[in-house]
1. Select from R157, R115, R325 the residue whose mean-square fluctuation is largest in a Gaussian network model of the chain (Cα-Cα springs shorter than 10 Å).
2. Of all the accessible heavy-atom surface of the chain, with the other protein chains kept in place and a 1.4 Å probe, what percent is carbon and sulfur?
3. Between L43 and A331, how high is the FRET efficiency from 1/(1 + (r/R0)^6) when r is the Cβ-Cβ distance and R₀ = 45 Å? Nearest 0.05.
4. Over segment 93-173, what is the relative contact order in percent, taking alpha-carbon pairs closer than 8 angstrom and at least six residues apart?
5. What do you get for the angle between helix 72-87 and the principal long axis of the chain? Use alpha-carbon atoms, 0 to 90 degrees, nearest ten.
6. Could you sort 247-254, 158-165, 169-176 so that the peptide with the highest average Cβ count within 10 Å comes first and the rest follow in order?
7. Using 1/(1 + (r/R0)^6) with R0 = 22 angstrom and r between the beta carbons of L317 and L234, what's the FRET efficiency to the nearest 0.05?
8. With the contact rule set at Cα under 8 Å and sequence spacing of 6 or more, what percent relative contact order holds for the chain?
Amino acid sequence: MASIKDVAASAGVSVATVSRVLNAHPSVSADARTRVLAAVEELGYRPNVVARSLRTDQTRTLGLVISDVLNPYFTELARSVEEEARALGYSVIIGNADEQPEIQDHHVRNLLDRRIDGLLVSPTDGGSPLMLDAARSGTPMVFVDRWIPGVDVPVVRADGRAAVRDLVTHLHSLGHRRLAIIAGPAATTTGSERVEVFRAVLAEYGLALPDAYIGQGDFQAESGRRVTEGFLDLPEPPDVVFATDNLMALGALDAVRARGLRVPDDIALAAFDDIPWFVHTDPPVTAIAQPTGELGRAAVRALVDRIEGRTPRSVTLPARLVVRRSCGEPATTPVPSPTQSPSPVQRSTS
């Protein structure tokens, strides 16, 4: 295996010059840089990352703790984080919290022990002392998708309030008046916010949100199934169920089908977090889509800014409503792909 001395000899420069080139130091001439990079390529030289980290106190490694790796939303988020980090010269170590605060803290602790340069987290709740200590101690950190109120850490997230408003308006226009919601954990910012916005927009239309129409889920499919079964057992079931994440929507769909019922003939279904599967269900699911890839990329850029001494900023991107056929839309309604994003609100018309 080639060493840095071999690269220096091949390029006709000093070891110090090779080191400066590999660390993107601006003092190296263009000619020397070209010769060094050519020698690196020819010899197949790979820097000793561990040794470099001991000298520079940097590992060029980021930690990412996501809430649930089985959720397609977070899988896509993790992919975009890894791609952007790689483009900026960083590697990523990923931990899956499985929506459990104790597992989240386990990953955060291990990542900090590995001397990562910075941490991206989608918090499972707002009460982790370890997370609060890490943020307050100056650890470079960015919250992505979810956040902890009152903690001075940049947040990169989607604002779904306008999209929820568009969804309620759409459902109202289709004649639905009894709207129910499968909520996420109240301890998460996304779980509480989506219920609050849904309730507020219903009130603007003069519609109530009875306690019986609020089901407590946990962003897992089984909870969506359980809550929907409860809705179906009510003396007056809702016209439509709004699941506040994609896995709970799939659980709701299973519950409806298990009763021999059909969406939307017997009960309508809408979801927060669009996924590719929704265009293949029967009927295709009307959903709120988040700009997941851009969220991941923006989160990495904010974290690298913090690591490299620049001032990071919080980023809020719009979500959009994608209208398909699961809420009683006309059978001729086109079925948009989850990858289409021509506007903040994507509507299909007959």
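The values are calculated or read from the model by the stated rules, or taken from the named source; none is laboratory data. These numbers come from a predicted model, not from an experiment. Cβ: placed from backbone, ideal geometry, glycine included. Neighbour counts: every protein chain shown. Areas reflect the complete protein model, heavy atoms only, side chains present, ligands, DNA and RNA absent. Shrake-Rupley method; radii C 1.70, N 1.55, O 1.52, S 1.80 Å.
1. R115
2. Heavy-atom surface of the chain belonging to carbon and sulfur, 1.4 Å probe: 52 percent.
3. Values: r = 64 Å, r/R0 = 1.42.
Calculated value: 0.10.
4. 22 percent
5. 20 degrees
6. Details: 247-254: 25.2, 158-165: 20.2, 169-176: 15.5.
Ranked from most to least packed, the peptides come out as 247-254, 158-165, 169-176.
7. FRET efficiency, L317 to L234: 0.05.
8. 15 percent
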